Amino acid sequence: MNVHDILQNPDEHVRFAAYLDTLGHVADTNEVELVSRVLTDPDQTMAQSAVLRHLDRRAAGLCPGPAYEGWAQAMTQATIDHPFLAQRLREWSLFRAITLKLPWQPEDLLASSNWLQLKTAAGTNTEAIEILAEAGRTKRIRNTARIGLDHRSGS
């Protein structure tokens, strides 16, 4: 099923599922074009939600490897007119830097979304976890970080 056919379906739930399926099987060389086409759907909330799921799935798989950088740059261009999606890509890049112990700034982590702070608090970078245990945005984030630190010190 191509994107034009998907767009013809009036049910946004059917389109959402079809987009996820199509995005899940897209060749790397066609991914940017497909993401851009999905984002032309008149139901922007649904379209961005489908793309967000795709970005999260792909970023999680690519994050540890060298292919991530090029992919993230390409996806940033595809999502540039969609601030929430662009922000999620920036946060995946920060998460990657923290996880792989690449250079990163604590203030960037503290200014990030609850999603990234919680993901990082449950991660493996002790420095980041200590920062979030002390100054994470929510009680849940601080507690998750503290539990992670307790498990590290108990091991």
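Quick notes on this one:
- A 1.4 Å probe over all protein chains sorts Arg142, Arg37, Arg137 by accessible area into Arg137, Arg37, Arg142, starting with the largest.
- Mean Kyte hydropathy of 1.0 or more with a Cα span along the axis of at least 18 Å, helices from DSSP in the chain: none
- Rounded to the nearest 500, the 222 nm mean residue ellipticity of the chain from helices alone is -22500 deg cm²/dmol, with -39,500 (n - 2.57) taken per DSSP H run of at least 4 residues.
- Separation between Cα centres of region 124-155 and region 14-61, rounded to whole Å: 33
- Carbon/sulfur fraction of accessible area - region 92-150, other protein chains in place, 1.4 Å, %: 54
- Per residue, region 9-154 exposes 54 Å² of accessible surface when a 1.4 Å probe is rolled over the protein heavy atoms with every protein chain present.
The values are calculated or read from the model by the stated rules, or taken from the named source; none is laboratory data. Here the structure is a predicted model, which is why all the values come from computation and not from measurement. Ligands, DNA and RNA are stripped out before the accessible areas are found, and what is left, the full protein with its side chains, is counted by its heavy atoms. Shrake-Rupley method; radii C 1.70, N 1.55, O 1.52, S 1.80 Å.
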